[in-house]
Amino acid sequence: MFTGLIREIAKVKSFEGSVLRVQAKHKAKLGDSIAINGACLTVIELFDDGFSVELSPESQKLLALENYKDEVHIEPAMQMGDRFEGHIVQGHVDTIGEIDKIVNNGNSYDVFIKIAPKFIPYIVPKGSITIDGVSLTVNDVSKDSFRLTIIPHTMKETLFRNYKQGSRVNVETDMFARYIAHILNHQKNMQSSLTWDEVDSIAALY
């Protein structure tokens, strides 16, 4: 599990076949789970200056691979006792979004991201979303896009500073919205409908 707070911007040393090697200050261990641009990946090799992770064919099919060069966001998995910030992030990228436009408001930036309409039900106004591993708050939602407002600090300290119209990004929608939508969509196949108390109980397990 992750929080969506980027701990470091790492430098990509190579990406050959299924293996991505990064140079990072974070001292990983073999088998560690690390979110790279929002995707949970496993450390398979260690070096003095970083580590390597492996991207399965499924991962490569789902991710905006053009962003796995030069620099990447990294966040190690949470450990028991860590301070919880951001929101609950699984590191399971749902889809790729495309930046439609970025509007500079002076003290903030409005970022509009287009997404396949089938994922819109999982995006909640004033709810949380993860873009390339960054935990952000959704302001508005339309039939095929949503709007984020990003403060200058976030724009400066993340790879959002490099994004422009047409840039593709990894998107992980809100976990609880996905689970509840899945339950409600499959109620008709159950012998009895779930109550909202039962939905709350299921959500509390995650």
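Rule-based calculations on the coordinates, nothing more; no lab input. Quantities reported herein were computed from a predicted structural model and do not represent experimental measurements. Cβ atoms come from the backbone with ideal geometry, glycine included; neighbour counts cover every protein chain shown.
Below, the figures for the structure above:
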| read-out | value |
| --- | --- |
| The chain: mean projected area of Cα convex hull, nm² | 12.9 |
| Pairs of Cα atoms farther than 19 Å apart, the range 8-76, % | 18 |
| Cα-Cα over 22 Å, subset of K101/K126; K27/K69; K25/K69; K118/K164 | K118/K164 |
| Difference of contour (0.36 nm per residue) and Cα-Cα distance, I96 to F119 | 7.2 nm |
| Net lengthening on full extension, F15/A177 (0.36 nm per residue, minus Cα-Cα) | 55.0 nm |
| Projected label distance in nm at E8 and L46, using a 7 Å step from Cα toward the beta-carbon | 1.3 |
| Residues Q165 and K69, FRET efficiency given R0 of 25 Å [Cβ-Cβ distance, rounded to 0.05] | 0.80 |
| Convex hull of Cα atoms in the range 17-133, direction-averaged projection (nm²) | 9.4 |
| Nearest-ten-degree value, helix 175-185 long axis tilted from longest Cα axis of the chain | 40 |
| Chain lengthening between S59 and D140 when straightened (0.36 nm per residue, less Cα-Cα) | 26.3 nm |
| Total charge dipole magnitude, the range 8-76, about the Cα centre, Cβ charges on Lys, Arg, Asp, Glu only, Debye to nearest 20 | 60 |
